[in-house]
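Chemist: Before I ask anything, here is the structure I am working with.
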Amino acid sequence: MHIDWAALGSVFGVSLAVTVGLVGLFTLGIVSLTKREAAASGTAGNVAMARTGAYACFALCAAAVAYGIYLIVA
């Protein structure tokens, strides 16, 4: 039995990077929603921009999860 340590390390590194990136993106969406509530007393442009940014973050997270499921199923 032979273990390809380079491939194993590569898979580990990519998995770690994607996981940290996805969690960071989701956190950014949560923070944007929090800022939206705080900016509600401000201008309407700030609220719309915060909401759009949060929805974009959540859409990217959903797309990454859907792509992962596609890779598993296909």
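Chemist: Condition first: surrounded by 12 or more Cβ atoms within 10 Å (Cβ to Cβ), farther than 19 Å from V65 by Cα and either of a type in the set (A, V, I, L, M) or modelled with pLDDT of 85 or more (or both). Now tell me which residues in the stretch 5-37 satisfy that.
Modeler: Scanning the stretch 5-37 gives V31, S32, L33, T34.
Chemist: May I ask you to verify whether R51 is of a type in the set (D, E, K, R) and either open to solvent by less than 50 Å² (accessible area, probe 1.4 Å) or at pLDDT 85 or above (or both)? Break it down stepwise before answering.
Modeler: On the way: of a type in the set (D, E, K, R): yes; either open to solvent by less than 50 Å² (accessible area, probe 1.4 Å) or at pLDDT 85 or above (or both): yes.
Spelling it out, R51 is indeed of a type in the set (D, E, K, R) and either open to solvent by less than 50 Å² (accessible area, probe 1.4 Å) or at pLDDT 85 or above (or both).
The values are calculated or read from the model by the stated rules, or taken from the named source; none is laboratory data. As the structure is a computational prediction, the values presented were derived from the model and not from experiment. Heads up, the Cβs are rebuilt from the backbone with ideal geometry, glycines too, and the neighbour counts pull from every protein chain shown. Quick note on the areas: whole protein, heavy atoms, side chains included, nothing else; ligands and nucleic acids left out. Shrake-Rupley method; radii C 1.70, N 1.55, O 1.52, S 1.80 Å.
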